[in-house]
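In what follows, a single structure is set out as structure tokens and then discussed.
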Amino acid sequence: DHAFWKTQPVPSFDEMASKERISDGPIKEIEIEKVDKNPSPMYPGFEWVTMDLEDAKQLDEVYDLLTNHYVEDKDATFRFKYSPSFLNWALKAPGWKKEWHVGVRATASGKLVAFISGIPIQLRIRDNVLKSSEVNFLCVHKKLRSKRLAPVLIKEITRRCYVEGTFQAVYTVGSLLPTPVSTCRYFHRALDWEKLYDVGFSPLPHGSTKLRQINRYKLPGTTSTSGLRKMESKDVPPALDLLRRYLERMDMAQVFNQTEFEHWICPKEEPKEQVVWSYVVEDPDTKKITDYFSFYNLESTIIGNKKHDTIKAAYLFYYATEVAFEKDEGKLKTRLNSLMKDALILAKKADFDVFNALTLLDNPLFLEEQRFGAGDGSLHYYMYNYRAAPIAGGIDQRNQA
Ligand code: YNC
Ligand code: MG
């Protein structure tokens, strides 16, 4: 019955399902002077901490907590394994605030047992750009589950956002809560089918053989798009311009400035483990950047497998193409299929086992042809303290980022 969520400024299932037209806007006015200046009480034996992620030791503590206790699939076979480099990238995005990296320690041992984070982003929903917080990495130690600690963490990050004058938030969760503004599905494209089969990720379809499956997912050794090369610093302004125009076609998307684009897509410094891979297409004649795509690296621990301990997954990230503005869906489909085939080839070369994508952006135009299969997971998108008419989901949806 959602004892916690029904007290929060989020739309109910009923109002989101109603036939009445929903007009987009905040649910509750927040008076900043009335926001508590101090954290809410913590359970006895535990204490609030602000994590200092500039300190490699504290970053490692968050890494350890997530590696052992973060999101698993429904059969508890795989668990996300965000690398320290990934956490640096995701949690120290431009404008990041230390106060939004919230931990809970056991007072006696000092052990980190829970975490929640936010980063500031500009989020556009239809015609409104909201100064908001993107909340992520909510995690409670397995031994402290079902004790209503999650609501305490959520209330504390909310207070810390309000104190900074940020009154809206966006977050994604695999489970259904009141009430998604949109829902996507995960799709997976095997790069190393045999490994995925060995670890129980990919089934052997009825009537097929291992050899046939391996052949089905074979890729050429080289890419085919002429002018395709790694993205460099000099490509940032034209690639950002292209992405901005491309995202204008969507109902919901982050608004990027150049610093943010650089951080997310074309980082200046190489971290210890590479997190993001980005490529551009430079037209051989005009030298213009006509397309770009990116994917990031997120491993999963394989829980209790003797032969392999991790799956290396590439996640399709942002991309854009000039062809999108020609209003010719057939042409867009053709172009995206060649770009994404090249992305698969590059990911395979970089030793990834699987390539994942959601049903957002123009992805439904290439998922099938590029041999992605539907996963069993959904990803629900939520807004905190903002009511917005639902954004179409599913395989036909192409209006969200
Ligand atoms: C969840 N993931 O429904 P009701 S995603 C939000 N997001 O409340 P307890 C969640 N709410 O239904 P547990 C949630 N999971 O009674 C549970 N809840 O109203 C709600 N898993 O609390 C739940 N990470 O402490 C229920 O549950 C209440 O001990 C139950 O802890 C939950 O990062 C959790 O999946 C998820 O570590 C911490 O299971 C734990 O089970 C765990 O008894 C593995 O809580 C890791 C995992 C979640 C990944 C993510 C996004 C989080 C968004 C949080 C909401 C942010 C709102 C915006 C705040 C800023 C506002 C401004 C401005
Ligand atoms: Mg709990």
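Comparison of 295, 256 shows that the only residue that is assigned to a strand (DSSP E or B) and under 30 Å from residue 95 (Cβ atoms) is 295. Across the range 146-177, the qualifying residues are those that are exposed (fewer than 15 other Cβ atoms within 10 Å of the Cβ) and either within 16 Å of ligand 2 (Cβ to nearest atom) or among the small types (Gly, Ala, Ser) (or both), and the one among them that is farthest from residue 14 (Cα to Cα) is 165.
One residue stands out in the range 178-213 among those that are polar (S, T, N, Q) and within 19 Å of residue 132 (Cα to Cα): the one that is farthest from ligand 2 (Cβ to nearest atom), namely 182.
Of the set (1) surrounded by 21 or more Cβ atoms within 10 Å (Cβ to Cβ); (2) of a type in the set (D, E, K, R); (3) at pLDDT below 95, all apply to residue 342 but (3).
Summed over the range 7-26, the residues that are over 19 Å from residue 151 (Cα atoms), aliphatic (A, V, I, L, M) and at pLDDT 95 or above give a count of 0. Here the range 158-170 is the region considered, the condition is being more than 19 Å from residue 387 (Cβ to Cβ) and assigned to a helix (DSSP H, G or I), and the residue that is farthest from the chain's Cα centre (by Cα) is 163. Checking each residue in the range 235-255 for being under 19 Å from the mean Cα position of the chain (by Cα) and in contact (Cβ under 8 Å) with a residue 40 or more places away in the chain picks out 243, 246, 247, 250, 251, 252, 253, 254, 255.
Per the conditions (1) outside any loop (DSSP other than H, G, I, E, B); (2) within 21 Å of the chain's Cα centre (by Cα); (3) not polar (S, T, N, Q), the sole criterion not satisfied by residue 391 is (1).
Residues of the range 259-292 that are β-branched (Val, Ile, Thr), in a loop (DSSP other than H, G, I, E, B) and in contact with a strand residue (DSSP E or B) (Cβ under 7 Å, 6 or more places away or on another chain): 275 alone. Would you be able to say whether some residue in the range 316-327 is in a loop (DSSP other than H, G, I, E, B), at negative phi, in contact with an Asp or Glu (Cβ under 6 Å, 6 or more places away or on another chain) and in contact (Cβ under 8 Å) with a residue 60 or more places away in the chain? No, because not a single residue in the range 316-327 is in a loop (DSSP other than H, G, I, E, B), at negative phi, in contact with an Asp or Glu (Cβ under 6 Å, 6 or more places away or on another chain) and in contact (Cβ under 8 Å) with a residue 60 or more places away in the chain.
For residue 219, the requirement of being of a type in the set (A, V, I, L, M), surrounded by fewer than 16 Cβ atoms within 10 Å (Cβ to Cβ) and part of a loop (DSSP other than H, G, I, E, B) is not met. Would you pick out the residues in the range 323-366 that are among the charged types (D, E, K, R) and touching a Phe, Trp or Tyr at 6+ places or on another chain (Cβ under 9 Å)? 333, 341, 342, 348, 353, 362 - these are the residues of the range 323-366 that are among the charged types (D, E, K, R) and touching a Phe, Trp or Tyr at 6+ places or on another chain (Cβ under 9 Å). For the range 29-44, a tally of residues being modelled with pLDDT of 95 or more and surrounded by 10 or more Cβ atoms within 10 Å (Cβ to Cβ) returns 7. On the stretch given as the range 195-210, residues that are part of a helix (DSSP H, G or I) and of a type outside the set (A, V, I, L, M, F, W, C) total 4.
Suppose we filter 118, 110, 95 for residues that are surrounded by 18 or more Cβ atoms within 10 Å (Cβ to Cβ) and more than 30 Å from residue 201 (Cα to Cα); which single one remains? Among 118, 110, 95, only 118 is surrounded by 18 or more Cβ atoms within 10 Å (Cβ to Cβ) and more than 30 Å from residue 201 (Cα to Cα).
Against the numbered list (1) surrounded by 15 or more Cβ atoms within 10 Å (Cβ to Cβ); (2) out of contact with any helix residue (DSSP H, G or I) (no Cβ under 8 Å at 6 or more places or on another chain); (3) aromatic (Phe, Trp, Tyr), residue 82 comes up short only at (2).
Residues of the range 6-24 that are loosely packed, with under 10 Cβ neighbours inside 10 Å and outside any helix (DSSP H, G or I): 19, 20, 21, 23.
Residues that are away from ligand 1 (no atom under 15 Å from the Cβ) and of a type outside the set (Val, Ile, Thr): find the strands (runs of 3 or more DSSP E) completely inside the range 76-157 holding 2 or more of those.
101-106
Could we say that residue 62 is of a type in the set (Val, Ile, Thr), over 26 Å from residue 111 (Cα atoms) and under 24 Å from the mean Cα position of the chain (by Cα) here? No.
The values are calculated or read from the model by the stated rules, or taken from the named source; none is laboratory data. The structure presented is a predicted model; accordingly, all values stated were derived computationally and were not measured. No Cβ is skipped: glycine too gets one built from the backbone with ideal geometry, and neighbour counts run over all protein chains shown.
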